[in-house]
1. Working only within the stretch A:23-82, note down all residues that are basic (Lys, Arg) and either free of Cβ contacts under 8 Å to residues at least 40 places away in the same chain or surrounded by 20 or more Cβ atoms within 10 Å (Cβ to Cβ) (or both).
2. Of the numbered conditions (1) surrounded by fewer than 19 Cβ atoms within 10 Å (Cβ to Cβ); (2) of a type outside the set (Lys, Arg); (3) assigned to a strand (DSSP E or B), A:Leu127 fails exactly one; give the number of that condition.
3. Counting only residues that are touching a residue at least 12 places away in the same chain (Cβ under 8 Å) and not in a helix (DSSP H, G or I), which one in the stretch B:1-22 is least open to solvent (accessible area, probe 1.4 Å)?
4. Just to be sure, is A:Gly60 part of a loop (DSSP other than H, G, I, E, B) and out of contact with any helix residue (DSSP H, G or I) (no Cβ under 8 Å at 6 or more places or on another chain)?
5. Looking at A:Asp37, is it among the acidic types (Asp, Glu), assigned to a strand (DSSP E or B) and closer than 23 Å to A:Asp217 by Cα?
6. Regarding the stretch A:264-277, can at least one residue be identified that is part of a helix (DSSP H, G or I), of a type in the set (A, V, I, L, M, F, W, C), within 14 Å of chain B (Cβ to nearest Cβ) and open to solvent by less than 20 Å² (accessible area, probe 1.4 Å)?
7. Please state which one of B:Leu176, B:Leu160 is away from chain A (no Cβ under 11 Å) and open to solvent by less than 70 Å² (accessible area, probe 1.4 Å).
8. Would you check which residues across the stretch B:85-101 are closer than 14 Å to B:Asn254 by Cα and open to solvent by less than 20 Å² (accessible area, probe 1.4 Å) and list them?
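The values are calculated or read from the model by the stated rules, or taken from the named source; none is laboratory data. None of these values were measured; they are calculated from a predicted model. Cβ sites come from the backbone with ideal geometry, for glycine too, and all protein chains shown count toward neighbours. These accessible areas exclude ligands, DNA and RNA; they are computed on the full protein's heavy atoms, side chains included. Shrake-Rupley method; radii C 1.70, N 1.55, O 1.52, S 1.80 Å.
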There are 2 protein chains.
Amino acid sequence: SSQMDLHNQGRAKFLEFPFVSAPHRALMVNLLSKVEDRLGSQLLPCTLPLDVQHCQNESGTSQASLHIRSGLQSSPVDFILGSWLHCKLPTGAALNITSLIAYLNLSTDAPNFVAELIQSSPTSLILLLDLPPRKDLVLYPDYLQTFYEDSQLDTHRQMLQKLPEVQPYVSSSLYLRSLFSPTRIMIRIETEEGRMEEILKDHIEPVAVEVLGFWLDHCACGGGREVKEEEKAYLKKRDELVKKKSIEIDLGSNLPKLFGPELAERVMGAINDVYNL
Amino acid sequence: SSQMDLHNQGRAKFLEFPFVSAPHRALMVNLLSKVEDRLGSQLLPCTLPLDVQHCQNESGTSQASLHIRSGLQSSPVDFILGSWLHCKLPTGAALNITSLIAYLNLSTDAPNFVAELIQSSPTSLILLLDLPPRKDLVLYPDYLQTFYEDSQLDTHRQMLQKLPEVQPYVSSSLYLRSLFSPTRIMIRIETEEGRMEEILKDHIEPVAVEVLGFWLDHCACGGGREVKEEEKAYLKKRDELVKKKSIEIDLGSNLPKLFGPELAERVMGAINDVYNL
């Protein structure tokens, strides 16, 4: 069908990750494959228009790819969103952001998944890797214990933190800082190009695979976390706010700058549709 | 009256801070004075038994001072709690913890105040300084904006972080990490003794005074944050959980080890009374 063509064509373009290093690309492809292997049968194809799935500005200095798949009615997955963004900076360097995020729906209160790599030069990388909680951890210590303490998620952060090239990264957005879990991996790596590829392959990829594996096993396919009717309104409101604020912070001001107002509006419209906002 | 004697005697002992450096003591005395100047008339005297206000183990290797004052019915202050703890470590070094915390009551949802200095040697200091929020910041972005964004609280953290002796400190307790705000100052300072005193006097004290000043002006005396009846149950439950978990984490296992089970139980009993737990 032409819908599957649209999906396959956009997916192939997305999976090219044409502007990042081989180990960076391998990591992202690995993560998406693992998600597709486990959840693919529950996901609708990506049917965004092709010029939204892959967009660029007139001069070709900014390019982006967007791959979004909503979950079937029967799936606990709300949607998954993979993306990459490339833009040439005035300095001559390039900014490359690749990300894979997954939101669950109201059939469960289990955490979401976020993996994002921000590379502003071949020698500088920011990694965000987390299962953002969907409840207030202060008010729900059982939830904290189940997903973050018993799971030993913090050991991954501790391990990466031991590398001498790794520094903690503090986002300038207080909302993002609030949104992420206490075991979040938010780090900045500064090192020479060859070593960066080594760190991506030997340290970041295994950790990202572990964290995604835990999320697939215990959050997306965990079961047993039915949300009581009286808690659904709370969860719904919180989920919606998170989606709204995340778009605002990530895309709100950047997209028009990178792609001009018209294309930006089309992309935002497509995202808002999937996000149900 | 004998009640005022009890208060004055315990307060004098508390303010001695006999085991920490002069600038460390000056900082703590300064913070308490500022709280007393602004809020003293709203606070009841500390009427804990003297052997709870100042306690020590049989061998004298552990000593602690506890100064708690509850707010009057008409005050937004639930209570303030000042404390210091000294214990000789098996290594010959000593651990010294000094803290001042202030909890507000249900007449407002404004943040609490926490300042804690943990010194495990003259050359190593951990500082926790924060206004822990009393609401889920993800669900209440207005609250985040009012108290943490518009207030520019993050600038203090950024300033301290610039000192070469300063490293981020990550608490081993995920609950504490969740409890603290995104502008929390949680840092570890490693430097020689003379420089440590300089950092305390020139950098930490001014920042602590600023943060406390903001809290006094906009939280304890801010007004205008009446809590709606339907939100009171949520706030009450959250406040109680925070108090319960904080005691558990801070004191639960340490107090019996340091002072033996009997004295520990008396101290915990006195604290639980004030905490209304």
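1. A:Arg25, A:Arg69 - these are the residues of the stretch A:23-82 that are basic (Lys, Arg) and either free of Cβ contacts under 8 Å to residues at least 40 places away in the same chain or surrounded by 20 or more Cβ atoms within 10 Å (Cβ to Cβ) (or both).
2. Against the list (1) surrounded by fewer than 19 Cβ atoms within 10 Å (Cβ to Cβ); (2) of a type outside the set (Lys, Arg); (3) assigned to a strand (DSSP E or B), A:Leu127 comes up short only on (1).
3. Looking at residues that are touching a residue at least 12 places away in the same chain (Cβ under 8 Å) and not in a helix (DSSP H, G or I), I get B:Phe17.
4. yes
5. So A:Asp37 fails the test.
6. The answer is no, given that none of the residues of the stretch A:264-277 is part of a helix (DSSP H, G or I), of a type in the set (A, V, I, L, M, F, W, C), within 14 Å of chain B (Cβ to nearest Cβ) and open to solvent by less than 20 Å² (accessible area, probe 1.4 Å).
7. Answer to the check: B:Leu160.
8. Result: B:His86, B:Cys87, B:Asn96.
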